[in-house]
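Let me begin by presenting the structure, written as structure tokens, before commenting on it.
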Amino acid sequence: MAGDIILGYDGSDGSRAALRVAVTVAKAFDAPLTVVFGYEPNPMGGETADYKRQLEKIGSDMLTTAVSEAKALDPSVAVEPLVVPLRPAESLLQASLERDARVIVVGGSGERPIVGAILGSVPHKLLHRSTVPVLVVPAPEE
Amino acid sequence: MTTTTADSGELGARPTGEAPGGKGLKSGALGLLSSLVIGVASTAPAYSLAASLGFVTLVAFKFAPAVMLVAFVPMLFIAAAYFYLNRADPDCGTTFTWVTRAIGPRTGWLSGWGILVTDLVVMPSLASIAGYYTFTLFDAKSLAGSTFWVTFVGVVWIVVMTAICYIGIELSARTQVLLLGAELVILTIFAVVALTKVYTQHIAHSIRPEWVWLDPFKMSISTLSVGMLTAVFIYWGWDTAVTVNEESRDAKRTPGVAALLSTLVLLAIYLIVSIAAQAFHGPDFLTNNSSDILNALGHDVLGSPWDKLLIIAVLTSASASTQTTILPAGRSALSMAVHKALPPRFGSIQPKFLSPGFSTLLFGLISVVWYVALTILSPGIVLANSILALGFGISFYYGMTGFACVVYYRRLLFKSLKNFLFIGLAPLLGGLMLAAMFVISIFYYSNPINSAKSGQAWFKFIQFNVHVLGVHLFVKQGVSPILVIGVGLLVIGFPIMLLWRVGHADFFRRSREAAASLHASAPPLTPGVLPVTD
């Protein structure tokens, strides 16, 4: 398994736009698509086992939706969901290394630079740290 | 390294008992430094000293350093319980889940209530320190003296911190290291400068440190107990150093080493600062300025503008401490809901930020209400009432943790000397010490003369006068606010539990468990997950 297209997916509008592009890219390269949901609770808050089980459920539900959306767009693309217990940017970087990824596709957060500055923008982190190309898909205009 | 792969059909279906993060992609394994930083930052040394040094001195006078030292003993013993129970079950319910497993659901529920109440009781002290020290940072003395404006900033502080926890804003690991490092360096500089001045200059009321300050046997049992009940607070949160890293199972030694190092750091900083503070102007100064101790001392020791560094350290420390109060409070409530001990709403997770949204916001809201109410009921002594009452909640649920460890591992206690010492004797002694402090302090505070404001009492219609085992328990004119806050809030958990039990008997039907091995993970307390999101 190599040359995957890695897609970061969190259910947001941006990530759904990214999903449509990622399917097209996967089709063009005839590469498998891995849809990644990453989460990691703040370690300052102490233990998390049951909390993580909840998050994993949310993530897997979200990815189930993503996989069926991708299948609906193009049934010929192989799609695999991947829940990673790391912060979103870390999970994509990790997955891209593991899968020898061709490209990472993520949604942009649109015209909200302050939100990105406070929360830490995932595309921004990826652009600096990824070893593979990063494709940022703009969120659809409201 | 294997990868978490799953078909859409079987995602989330994990073999029971497997700890999350124990498989799949590297799950944020924390290094030694991160564990150390989390443990010490959660304990928040600068804020803890600012909040409690004056009150420990109020109780123990010049033996405050001894009390600070001895208070660590039960906390160390209980940390062993945290370490071993966390191995079996790293749920965020911590004491709630462990006590439920080991002792039973009713006691477990009350322990969970104890965690939530204790988190609530500390909030006004955090908020009032944040409000007061913010104004002193900008030399706004008149505002710092105004109950209204201090409370106003305190409320803003709670709101902002709740939002930070709700949205999930985190400082980078490097920033945390820098902030904590700065905090420790500033406290050390403060202590060294104070001691140097004591030995080289003529400072008003200064006294040179004496060894006797560290001798706990010079106090009565009652003074020592009440002092320790106040002082356990400074070590509260330290247990995260032993538990937080447990999930990176390959790094077996890290939690132990991190705990040991953070212990040394904390003990050293608390001792040197409390000795230096007492030496500088004598214990009377500490008791007279108990509510703004580091500000008052910082000004005289470091002088302007260097004293501002100390104030900044208190504020960053209070910020870390507020977060390590709100985050676990939300997660404890989430855990109780997941295990059907609270309504499912408390377990709901905000889908965008993935935080326990409802619980976190509700905790923030109740904290604001409680803080404002307490300020109205006891203006000027909110900090005193909160800090002096806090030890009851901490002792209760930490003590329960100690007992839960002994009971949960009851079949393994005599398998080896190591078992006997670490999962038997230490947690048991820790629990008994905390229980003794708890009971002795009830007698002490039952006399309103020992209230934060001497003679202040609430519920004045309550009057009784009894002798129990030769000890005089009397309530002449109502109950000290410290008892109402510290014990009253714990006690009302009992009727609330009975109310919840009506129609929700599932949780209360479970039977007790005993560990079969010291190394095995326990299966989840409740199988399955809640299907709820906000």
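Which pairs turn up if I take residues in the stretch B:503-526 that are within 14 Å of chain A (Cβ to nearest Cβ) and part of a loop (DSSP other than H, G, I, E, B) and look for partners that are modelled with pLDDT under 90 and surrounded by 16 or more Cβ atoms within 10 Å (Cβ to Cβ) with beta carbon separation below 6 Å, at least 6 apart in sequence or on another chain?
Partner pairs satisfying both residue conditions: B:521/B:19; B:522/B:88; B:522/B:89.
Would you point out which residue out of B:188, B:175 is more than 30 Å from residue B:85 (Cα to Cα), open to solvent by 30 Å² or more (accessible area, probe 1.4 Å) and within 14 Å of chain A (Cβ to nearest Cβ)?
On the way: B:188 fails: within 14 Å of chain A (Cβ to nearest Cβ).
The match here is B:175.
Considering each residue of the stretch B:391-430, count those that are of a type in the set (Phe, Trp, Tyr), closer than 21 Å to residue B:105 by Cα and assigned to a loop (DSSP other than H, G, I, E, B), and give that number.
Of the stretch B:391-430, the ones of a type in the set (Phe, Trp, Tyr) are B:392, B:396-398, B:403, B:408-409, B:414, B:420, B:422.
Now narrow it down to the ones that are closer than 21 Å to residue B:105 by Cα: B:396-398, B:403, B:408-409.
Narrowing the set further to residues that are assigned to a loop (DSSP other than H, G, I, E, B) leaves B:409.
Count: 1.
Out of the stretch B:198-218, which residues are touching a residue at least 12 places away in the same chain (Cβ under 8 Å), farther than 21 Å from residue B:296 by Cβ and of a type in the set (D, E, K, R)?
If the condition is that a residue be touching a residue at least 12 places away in the same chain (Cβ under 8 Å), farther than 21 Å from residue B:296 by Cβ and of a type in the set (D, E, K, R), then B:215, B:218 are the ones that fit.
Is it the case, given these coordinates, that residue B:114 is open to solvent by less than 10 Å² (accessible area, probe 1.4 Å) and part of a helix (DSSP H, G or I)?
Details: open to solvent by less than 10 Å² (accessible area, probe 1.4 Å): yes; part of a helix (DSSP H, G or I): yes.
Answer is yes for this residue.
When the stretch A:3-20 is examined, which residues are found to be open to solvent by less than 60 Å² (accessible area, probe 1.4 Å) and either assigned to a loop (DSSP other than H, G, I, E, B) or over 11 Å from residue A:137 (Cβ atoms) (or both)? Even if it seems obvious, please write down each step before you answer.
Keep residues of the stretch A:3-20 that are open to solvent by less than 60 Å² (accessible area, probe 1.4 Å), which gives A:3-9, A:11-12, A:14-15, A:17-19.
Answer for the stretch A:3-20, where residues must be open to solvent by less than 60 Å² (accessible area, probe 1.4 Å) and either assigned to a loop (DSSP other than H, G, I, E, B) or over 11 Å from residue A:137 (Cβ atoms) (or both): A:3, A:4, A:5, A:6, A:9, A:11, A:12.
Test residue B:260 against the criterion of being modelled with pLDDT under 95 and part of a helix (DSSP H, G or I), and give yes or no. Break it down stepwise before answering.
On the way: modelled with pLDDT under 95: yes; part of a helix (DSSP H, G or I): yes.
Yes.
Looking only at the stretch B:322-358, how many residues end up being in a helix (DSSP H, G or I) and farther than 11 Å from residue B:119 by Cβ? Break it down stepwise before answering.
Initial filter on the stretch B:322-358 (in a helix (DSSP H, G or I)): B:322-338, B:344-347, B:357-358.
Narrowing further to those that are farther than 11 Å from residue B:119 by Cβ: B:323, B:334-338, B:344-347, B:357-358.
Matching residues across the stretch B:322-358 total 12.
Got at least one residue in the stretch A:71-87 being modelled with pLDDT of 90 or more, crowded, with 24+ Cβ neighbours inside 10 Å and over 29 Å from residue B:327 (Cβ atoms)?
yes
Among the listed residues B:291, B:274, identify the single one that is modelled with pLDDT of 95 or more and of a type outside the set (A, V, I, L, M, F, W, C).
Answer to the check: B:274.
Out of B:399, B:431, B:455, B:347, I need the residue that is within 14 Å of another protein chain (Cβ to nearest Cβ) and in contact with a Pro (Cβ under 9 Å, 6 or more places away or on another chain). Which one? Steps first, please.
Numbers: B:399 fails: within 14 Å of another protein chain (Cβ to nearest Cβ); B:431 fails: within 14 Å of another protein chain (Cβ to nearest Cβ); B:455 fails: within 14 Å of another protein chain (Cβ to nearest Cβ).
After applying the criteria, what remains is B:347.
Can you name the condition, by its number, that residue A:78 falls short on among (1) out of contact with any Asp or Glu (no Cβ under 7 Å at 6 or more places or on another chain); (2) facing chain B (nearest Cβ under 9 Å)?
Status for residue A:78: all satisfied but (2).
Just wondering, is there one or more residues in the stretch A:100-109 that are within 13 Å of chain B (Cβ to nearest Cβ) and without any contact (Cβ under 8 Å) to a residue 40 or more places away in the chain?
no
Residue under question is residue A:55, and the condition is that it be hydrophobic (A, V, I, L, M, F, W, C), closer than 30 Å to residue B:321 by Cα and either assigned to a helix (DSSP H, G or I) or touching a strand residue (DSSP E or B) at 6+ places or on another chain (Cβ under 6 Å) (or both); does it hold? Steps first, please.
Working: hydrophobic (A, V, I, L, M, F, W, C): yes; closer than 30 Å to residue B:321 by Cα: yes; either assigned to a helix (DSSP H, G or I) or touching a strand residue (DSSP E or B) at 6+ places or on another chain (Cβ under 6 Å) (or both): yes.
Taking the combined requirement at face value, the residue satisfies it.
Conditions first: (1) within 14 Å of chain A (Cβ to nearest Cβ); (2) surrounded by 21 or more Cβ atoms within 10 Å (Cβ to Cβ); (3) within 27 Å of residue A:53 (Cβ to Cβ). Residue B:321 passes all but one, so which condition is the exception?
(3)
For the stretch A:37-57, give me each residue that is farther than 23 Å from residue A:79 by Cα, in contact (Cβ under 8 Å) with a residue 12 or more places away in the chain and either more than 7 Å from chain B (Cβ to nearest Cβ) or of a type in the set (Asp, Glu) (or both).
A:40, A:41
Of all residues being part of a helix (DSSP H, G or I) and open to solvent by less than 40 Å² (accessible area, probe 1.4 Å) in the stretch B:138-156, which is modelled with the lowest pLDDT? Just the residue, please.
Going residue by residue through the stretch B:138-156, those that are part of a helix (DSSP H, G or I) are B:141-144, B:147-156.
Add one more test, that the residue is open to solvent by less than 40 Å² (accessible area, probe 1.4 Å), and what stays is B:144, B:150-151, B:153-155.
Numbers: B:144: 92, B:150: 96, B:151: 97, B:153: 97, B:154: 97, B:155: 98.
The extreme case among them is B:144.
I need a count of the residues in the stretch B:450-467 that are farther than 15 Å from residue B:378 by Cβ and surrounded by fewer than 12 Cβ atoms within 10 Å (Cβ to Cβ).
Final tally of qualifying residues: 5.
State yes or no: is residue B:135 open to solvent by 20 Å² or more (accessible area, probe 1.4 Å), modelled with pLDDT of 95 or more and under 18 Å from residue B:223 (Cα atoms)? Talk me through it step by step, then tell me what you get.
Details: open to solvent by 20 Å² or more (accessible area, probe 1.4 Å): yes; modelled with pLDDT of 95 or more: yes; under 18 Å from residue B:223 (Cα atoms): no.
In short, no.
Since residue B:380 meets every condition but one in (1) open to solvent by 50 Å² or more (accessible area, probe 1.4 Å); (2) assigned to a helix (DSSP H, G or I); (3) farther than 30 Å from residue B:104 by Cα, which condition does it not meet?
Condition not satisfied by residue B:380: (2).
Look through B:286, B:334 and report the one residue that is within 14 Å of another protein chain (Cβ to nearest Cβ), touching a Gly at 6+ places or on another chain (Cβ under 6 Å), over 19 Å from residue B:235 (Cβ atoms) and among the hydrophobic types (A, V, I, L, M, F, W, C).
Values: B:286 fails: within 14 Å of another protein chain (Cβ to nearest Cβ).
Criteria check complete, one pass: B:334.
Within the stretch A:89-99, how many residues are within 13 Å of the chain's Cα centre (by Cα) and at the interface with chain B (Cβ under 10 Å from one of its Cβ atoms)?
Number of matching residues: 4.
Residues checked against (1) open to solvent by 10 Å² or more (accessible area, probe 1.4 Å); (2) modelled with pLDDT of 95 or more; (3) farther than 23 Å from residue B:221 by Cβ:
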residue	(1), (2), (3)
B:32	yes, no, yes
B:41	yes, no, yes
B:45	no, yes, yes
B:56	no, yes, no
B:67	no, yes, no
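If residue B:103 meets every condition in (1) modelled with pLDDT of 95 or more; (2) buried (at least 24 other Cβ atoms within 10 Å of the Cβ) apart from one, which number is that one?
Condition (2) is where residue B:103 drops out.
State all residues of the stretch B:337-355 that are surrounded by fewer than 18 Cβ atoms within 10 Å (Cβ to Cβ) and more than 17 Å from residue B:163 (Cα to Cα); if no residue qualifies, say none.
Scanning the stretch B:337-355 gives B:343, B:344, B:345.
Can you find, within the stretch B:87-108, the residue that is farthest from the chain's Cα centre (by Cα) among those that are assigned to a loop (DSSP other than H, G, I, E, B) and within 14 Å of chain A (Cβ to nearest Cβ)?
Step one: list which residues in the stretch B:87-108 are assigned to a loop (DSSP other than H, G, I, E, B), which gives B:89-94, B:103-104.
Narrowing the set further to residues that are within 14 Å of chain A (Cβ to nearest Cβ) leaves B:89-94.
Numbers: B:89: 20, B:90: 18, B:91: 18, B:92: 15, B:93: 15, B:94: 13 Å.
The residue in question is B:89.
Quick test of your reading of the structure: residue B:132 fulfils all but one of (1) over 19 Å from the mean Cα position of the chain (by Cα); (2) within 13 Å of chain A (Cβ to nearest Cβ). Name the failing condition by number.
(2)
The values are calculated or read from the model by the stated rules, or taken from the named source; none is laboratory data. Nothing here was measured: the structure is a model prediction, and the numbers come from that model. Neighbour counts run over all protein chains shown; Cβ positions are idealised from the backbone, glycine included. Note: accessible area is taken over every heavy atom of the protein model, side chains too, but ligands, DNA and RNA are not part of it. Shrake-Rupley method; radii C 1.70, N 1.55, O 1.52, S 1.80 Å.
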